[in-house]
């Protein structure tokens with residue numbers, strides 16, 4: 001094992017450090033966030049910092065990095081208070097990744113990436129037609145994280161559209177069947193292979209330990 | 001495609017809703033959080049809500065749900081201001097999952113799950129020896145999310161220990177080689193298979209679109 005101290009981390013070459021830090025947590029979910037501005041221009045950006053916050057009410061959190069192209073997304077959400085979250089599957093890895101290129105505001109990433117905007121009646125923000133699991137989300141609050149100038153957005157899920165064949169009887173949405181992807185680092189995209197399904201964990205009787 | 005409105009979501013059977021909501025984002029990272037209390041009792045708990053917040057300074061965020069066993073983890077962090085984050089690999093899926101069982105505070109999940117605590121000089125909180133990527137983290141702040149009574153903890157990475165053979169020359173830590181796992185829903189554990197490595201995305205020349 002190699003041990004890195006805080007000083008070692010600070011002293012890392014910039015590119016090495018970025019790759020290293022971004023791969024420490026392993027696999028991260030990959031989702032496309034769709035927004036629209038008040039002039040009707042759509043925007044699409046890929047995010048690996050979306051996190052489940054709770055099922056009741058149905059909440060998610062999104063990390064917004066400072067000074068990146070994704071600020072178009074945050075600005076649109078601040079104005080319209082709406083966005084969509086669209087799961088990236090193995091069929092759309094390239095266009096999803098390309099949405100991170102820094103395009104001017106007036107150019108829609110839907111257009112340049114070749115993805116189809118899809119609208120649901122009563123909801124302003126655009127969904128991604130090629131995605132098989134897509135959420136309509138309303139902004140609840142934006143929490144500034146002053147330590148590094150990022151923002152943490154809390155959003156409430158108000159619409160869900162899912163390919164019917166992915167939903168099991170118990171409500172589970174099968175990510176392997178959906179071709180869902182995960183990202184590690186900044187640019188390594190993975191599919192998943194089921195290893196184990198485990199029952200709800202209950203304490204063992206007194207004195208027993210889990211068999212290895 | 002099936003469309004669920006907010007009313008449909010509210011009306012879901014409780015168990016269906018939990019599974020459904022927890023699988024909407026696809027693959028989530030799985031990490032074991034190690035802590036110690038002031039009496040020296042160690043604690044270990046599995047988390048799927050750890051998120052990268054930034055590389056400089058090296059920050060992560062952790063979502064803490066209300067009223068769960070993981071509160072032992074949060075209470076210990078509030079007292080000692082330290083915790084460890086240990087990647088779960090395919091070799092330790094069962095013991096990692098079992099750490100979510102509700103054991104009393106005086107019983108260490110290291111002991112009942114059969115995982116070895118590992119200490120690094122100068123750092124109080126216990127690491128997991130069976131993990132191949134482990135982080136020592138110091139608490140920066142805890143942000144209450146009032147909308148659903150969860151907490152978002154911001155932590156700074158001060159130690160990293162990684163199996164040397166997993167680190168590439170550019171700093172990337174290979175999750176496939178590490179046997180890293182992802183979770184979907186509450187209890188489906190996956191390994192990852194590399195699909196694509198893509199270069200840093202730059203805008204295409206004017207008028208060009210990405211080929212499909």
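Below, the figures for the structure above:
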| read-out | value |
| --- | --- |
| Alpha carbon centroid spacing (whole Å) that separates segment A:22-67 from segment A:167-212 | 21 |
| Gyration tensor (alpha-carbon) shape descriptor, segment A:37-142, a/c threshold 1.5 | rounded |
| Translational diffusion of chain A, µm² s⁻¹ [Kirkwood Rh, Cα pairs; Stokes-Einstein; 4 °C; 1.567 mPa s] | 68 |
| Highest to lowest packing among A:149-157, B:166-174, scored as the average C-beta count within 10 Å | A:149-157, B:166-174 |
| Added length on full extension, which subtracts the Cα-Cα distance from 0.36 nm per residue, residue A:204 to residue A:71 | 43.0 nm |
| Test item: A:5-16 mean partner chain Cβ contacts at 10 Å | 4 |
| Estimated FRET transfer efficiency (residue A:168, residue B:111; beta-carbon r; R0 45 Å; 0.05) | 0.80 |
| Label point 7 Å beyond Cα along the C-beta direction, distances from residue A:202 to other copies (nm, shortest first) | 6.0 |
| Tensor-based shape of segment B:49-108 (alpha-carbon gyration tensor, a/c under 1.5 rounded, otherwise prolate or oblate) | oblate |
| Residue A:211/residue A:8 FRET efficiency (R0 30 Å; Cβ-Cβ; nearest 0.05) | 0.20 |
| Ellipticity estimate at 222 nm from DSSP helix runs (n ≥ 4, -39,500 (n - 2.57)) divided over chain A, nearest 500 | -4500 deg cm²/dmol |
| Between segment B:70-104 and segment B:106-153, the Cα center-to-center distance that results, in Å | 5 |
| Distances in nm from residue B:141 to the matching label points in the other copies, shortest first (labels 7 Å along Cα to Cβ) | 1.3 |
| Other protein chain Cβ atoms within 10 Å, averaged over every residue that makes up A:155-161 | 5 |
| Peptide-level mean, for A:110-121, of C-beta atoms on other protein chains within 10 Å | 2 |
| Extension reserve of the residue B:177-residue B:141 stretch, reckoned as 0.36 nm per residue once the Cα distance is removed | 9.6 nm |
| Selected from B:17, B:105, B:202 as most flexible by GNM, with chain B as the system and alpha-carbon contacts under 10 Å | B:202 |
| Amide N proximity, segment A:151-179 versus residue A:91 label position 7 Å along Cα-to-Cβ, cut-off under 19 Å | A:161-168, A:173-179 |
| Label point 7 Å beyond Cα along the C-beta direction, distances from residue B:169 to other copies (nm, shortest first) | 5.5 |
| Per residue, the convex hull volume that the Cα atoms of segment A:1-47 enclose (Å³) | 116 |
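Bear in mind that the values in this text are calculations on the coordinates, not laboratory data. For clarity, every value in this text was computed on a predicted model and none was experimentally measured. So basically every Cβ, Gly included, is an ideal-geometry build from the backbone, and we count neighbours across all protein chains shown.
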